[in-house]
Amino acid sequence: MTVHTGWQGRFYEDFVVGDVYEHPLGRTVTTTDNIWFTLLTQNTAPLHFDHEYAKRTEFGKPLVNSAFTLSLVTGQTVTDVSQNVFANLSWDGITLPNPVFEGDTIHSRSSVEAVRESKSRPTLGLVTVRTTGFKQTGETVVEFTRTLLVYKRGHGPRAEGA
């Protein structure tokens with residue numbers, strides 16, 4: 001029997017400017033997701049949790065909380081981008097060009113825009129990616145640039161002797 005190690009994520013050395021990652025997991029957004037996230041974050045906009053109110057808007061149905069959309073798409077990138085993250089440093093240029101509704105299925109992709117070694121932390125490197133989230137229609141629902149500190153290979157909590 002051969003034992004295979006599971007995917008451990010990319011380390012700093014694995015990122016190459018121009019590479020694109022098609023993130024493998026999509027997610028269908030449910031009414032429960034939208035209501036729970038909205039209430040957990042104390043967002044009082046009835047457009048997200050009051051179906052009768054939402055029927056009277058131009059959308060005719062509840063909009064998914066945009067912070068949920070950002071969180072979901074960021075989460076979808078973890079397996080490829082930030083499995084070995086030390087810290088997220090920024091989310092920049094966040095745009096939400098099309099609405100997400102309950103029942104939409106969201107997928108995402110990221111492209112590597114920049115990599116450089118950390119000047120103050122020799123076991124880490126900075127990685128900047130541009131991420132796009134899109135729904136089943138192909139419409140973009142969120143775009144952002146994220147910069148993070150990623151462990152170099154052989155360092156971090158999973159390194160031997162850590």
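In nm, what is the difference between 0.36 nm times the number of residues separating Ser90 and Leu40 and their Cα-Cα distance? Please report the intermediate quantities before stating the final value.
Numbers: separation 50, 0.36 × 50 = 18.00 nm, distance 2.28 nm.
In short, 15.7 nm is gained.
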Task: Extension reserve of the Ser118-Thr79 stretch, reckoned as 0.36 nm per residue once the Cα distance is removed - done: 11.8 nm
Open item on the list: Can you give the FRET efficiency to the nearest 0.05 for Thr28 and Lys55, using r as the Cβ-Cβ distance and R₀ = 25 Å?
Closed with: 0.70
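Could you pull out the chymotrypsin sites (Phe, Trp or Tyr not before Pro) across region 1-56 that fall in loop regions by DSSP (anything but H, G, I, E, B) with no more than 16 other Cβ atoms inside 10 Å?
Details: sites: Trp7, Phe11, Tyr12, Phe15, Tyr21, Trp36, Phe37, Phe49, Tyr53; in loops: Trp7, Phe11, Phe15, Phe49.
Of the chymotrypsin sites (Phe, Trp or Tyr not before Pro), the ones in loops of region 1-56 whose Cβ has at most 16 other Cβ atoms within 10 Å are Trp7.
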Task: Fewest-first ranking of His48, His107, using other Cβ atoms within 10 Å as the exposure measure - done: His107, His48
Task: Residue with peak Gaussian network fluctuation, the chain [Cα springs, cutoff 10 Å], from Leu47, Leu126, Leu148 - done: Leu47
- [ ] For Arg10, list long-range residues whose amide hydrogen, built 1.01 Å from N in the peptide plane, is under 5 Å from its own amide hydrogen.
- [x] Gln83, Asn84
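In deg cm²/dmol and to the nearest 500, what is the mean residue ellipticity at 222 nm of the chain if only DSSP H runs of at least 4 residues count, each as -39500 (n - 2.57), divided by the residue total?
On the way: 3 runs with 27 residues, N = 162.
Using -39500 (n - 2.57) per qualifying helix, the result is -4500 deg cm²/dmol.
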Task: As computed over the chain, the Cα convex hull volume per residue (Å³) - done: 157 Å³
Task: For region 96-162, Kirkwood radius (reciprocal of mean inverse C-alpha pair distance, Å) - done: 14.2 Å
- [ ] Show the residues, 5+ positions off or on another chain, whose built amide H is closer than 5 Å to the amide H of Asp104.
- [x] Val29
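None of the figures in this text is laboratory data; all of them are computed from the coordinates on show. These figures come from a predicted structure and were not determined experimentally. Note that each Cβ is placed from the backbone with ideal geometry, even for glycine, and that neighbours are counted across all protein chains shown.
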